[in-house]
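Each reported figure results from applying straightforward, stated rules to the coordinates on display, with no laboratory input. No experiment lies behind these values; they were computed from the predicted model shown. Positions of Cβ are backbone-derived with ideal geometry, glycine not excepted, and every protein chain shown enters the neighbour counts.
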Amino acid sequence: MKLIVAGIGNVLMKDDGLGVYAIKELAQRPWPDAVELVDAGVASFEILDVFCRADHIIVIDSMNAGGEPGTIYRAPLEELGLKDSPAVTSLHELHFTEAIKVVNLMGYHPQVTVFGVEPCQVELGLGLTPVITEKMPRLLKLVEAEIRHILSASE
């Protein structure tokens with residue numbers, strides 16, 4: 001069993017870098033060999049080979065879903081109803097969903113769970129806003145619990 005935890009985001013765009021910052025925090029903890037942490041940045045198609053190795057993928061990303069800044073969302077990818085359209089739900093939706101479609105076309109069908117956080121500011125700048133920084137510990141606890149759940153279910 002291979003579990004990929006991928007942080008998506010652009011660290012040059014404030015809260016958009018959430019996924020990358022989360023992966024850096026998670027990398028400070030010990031994980032079993034079945035878990036691979038990936039800083040996916042904004043390059044979805046460059047990580048197709050990584051996604052093809054996965055039985056399960058957890059994606060951490062900023063997500064515009066209309067909630068209050070800092071709201072944490074968790075859902076299987078297929079339940080998000082993401083479509084290729086100008087009405088973007090995730091800040092990386094078009095590229096990420098297309099990458100998963102390509103992985104599926106290649107004959108790989110990992111389960112994908114998305115953890116999204118409603119951003120406060122997505123604009124040129126470094127670092128997360130205080131609102132999102134305050135939510136990071138809760139997000140990390142939720143992702144850690146998801147990792148443990150997936151690993152225990154695979155035993």
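Between TYR108 and any residue 5 or more places off or on another chain, the built amide H atoms are never under 5 Å apart.
Normalising by residue count, the chain has a Cα convex hull of 104 Å³ per residue.
Note on GLU144 and GLU36: the extension gain reaches 37.6 nm, defined as 0.36 nm multiplied by sequence separation minus the Cα-Cα distance.
Beta-bridge orientation, region 3-153: approximately 25 percent antiparallel, per DSSP, counting only bridges with both partners inside.
Helix content alone sets the calculated 222 nm mean residue ellipticity of the chain: runs of n ≥ 4 DSSP H residues at -39500 (n - 2.57) each, divided across all residues, give -10500 deg cm²/dmol. For the pair LEU105 and ARG74, the difference between a 0.36 nm per residue extended length and the Cα-Cα distance amounts to 8.7 nm. Ordering 127-137, 50-60, 106-116 by mean Cβ neighbour count within 10 Å, with the highest value first, yields 50-60, 106-116, 127-137.
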